[in-house]
Amino acid sequence: MTNRQPLTMDAEGAVMYLQEHAEVNLLFLGGDDEELSEELFELPVSIVCLKVRDWNGQLSPWSAPKVMKRGEDFSGGAAAFLEEIEGRVLPEAEKTLGSRPWLIAGYSLAGLFSLWAVTVSHRFTACACVSGSLWYDGFVEYMRHTACHARAAAISLGDLESRSRNPRLAGNGEATQEICRILEAQGVRTDFHWEQGNHFQDPGGRVLRGVKMALSLMKP
């Protein structure tokens with residue numbers, strides 16, 4: 001059973017939940033852990049929830065123009081954020097959680113980061129990219145020329161997410177499915193699932209299903 005009392009970490013914005021019989025360590029990137037499904041804490045995973053302080057900065061792999069009129073440009077700070085995760089967050093977490101395979105998961109831009117991270121880092125056995133922002137400028141082309149180091153990738157998207165007047169967002173369905181084909185061609189265990197609704201519908205449930213899917217793919 002998971003200890004639902006969060007264990008604090010030195011890393012800013014990070015908390016841990018220790019599962020006594022965990023088989024996998026889960027790094028979840030995003031907002032508050034209260035947004036996660038209660039059922040997630042019953043899975044055989046110990047969880048590290050890491051808050052993102054600057055979504056358009058820390059989660060973007062390279063610079064790109066803003067996608068919303070009232071938003072901010074993407075500054076491309078993912079490399080520095082991943083360095084912090086590999087250098088501080090994961091080693092500190094393993095002192096308490098133990099050394100087990102890592103699954104990285106995230107929603108929206110955090111889903112994009114999760115998939116990008118497994119092309120750069122060898123620390124993650126699998127990723128769950130949930131309603132990921134795979135429309136991101138140049139990302140499909142990047143994936144065509146970059147190897148994925150993870151063994152498995154669980155990817156999902158809402159079936160209404162591409163119904164957008166914004167041409168970049170409207171391309172997300174096509175981009176996501178093309179990336180799935182690229183991963184499969186590389187020999188990565190890949191599972192794609194259409195969720196119901198738009199980008200903002202049932203994020204907690206989608207994360208739960210994405211993590212479950214990834215855990216299934218991680219099995220021998």
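Identify the residue in region 164-176 that is surrounded by 14 or more Cβ atoms within 10 Å (Cβ to Cβ) and assigned to a helix (DSSP H, G or I) and, among all such residues, is nearest to the chain's Cα centre (by Cα).
As a first pass, look at region 164-176 and keep what is surrounded by 14 or more Cβ atoms within 10 Å (Cβ to Cβ): 164, 168-173, 175-176.
Imposing the further condition that a residue be assigned to a helix (DSSP H, G or I) reduces the set to 168-170, 172-173, 175-176.
On the way: R168: 20, L169: 18, A170: 21, N172: 16, G173: 17, A175: 16, T176: 14 Å.
So, considering only residues that are surrounded by 14 or more Cβ atoms within 10 Å (Cβ to Cβ) and assigned to a helix (DSSP H, G or I), the one nearest to the chain's Cα centre (by Cα) is T176.
Do the conditions hold for R181, that is, is it more than 24 Å from E86 (Cα to Cα), charged (D, E, K, R) and in contact (Cβ under 8 Å) with a residue 40 or more places away in the chain? Don't jump to the end; show me each part of the working.
Details: more than 24 Å from E86 (Cα to Cα): yes; charged (D, E, K, R): yes; in contact (Cβ under 8 Å) with a residue 40 or more places away in the chain: no.
So R181 does not fit the description; no.
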Considering residues that are touching a strand residue (DSSP E or B) at 6+ places or on another chain (Cβ under 9 Å) and in contact (Cβ under 8 Å) with a residue 60 or more places away in the chain, the number found within region 147-167 is 4
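Regarding G210, is this residue at pLDDT 95 or above and of a type outside the set (A, V, I, L, M, F, W, C)?
On the way: at pLDDT 95 or above: yes; of a type outside the set (A, V, I, L, M, F, W, C): yes.
Taking the combined requirement at face value, the residue satisfies it.
The values are calculated or read from the model by the stated rules, or taken from the named source; none is laboratory data. Keep in mind that what you see is a predicted model, and the values were worked out from it rather than measured. Don't worry about glycine lacking a Cβ; one is built from the backbone with ideal geometry, like all the others, and counts go over all protein chains shown.
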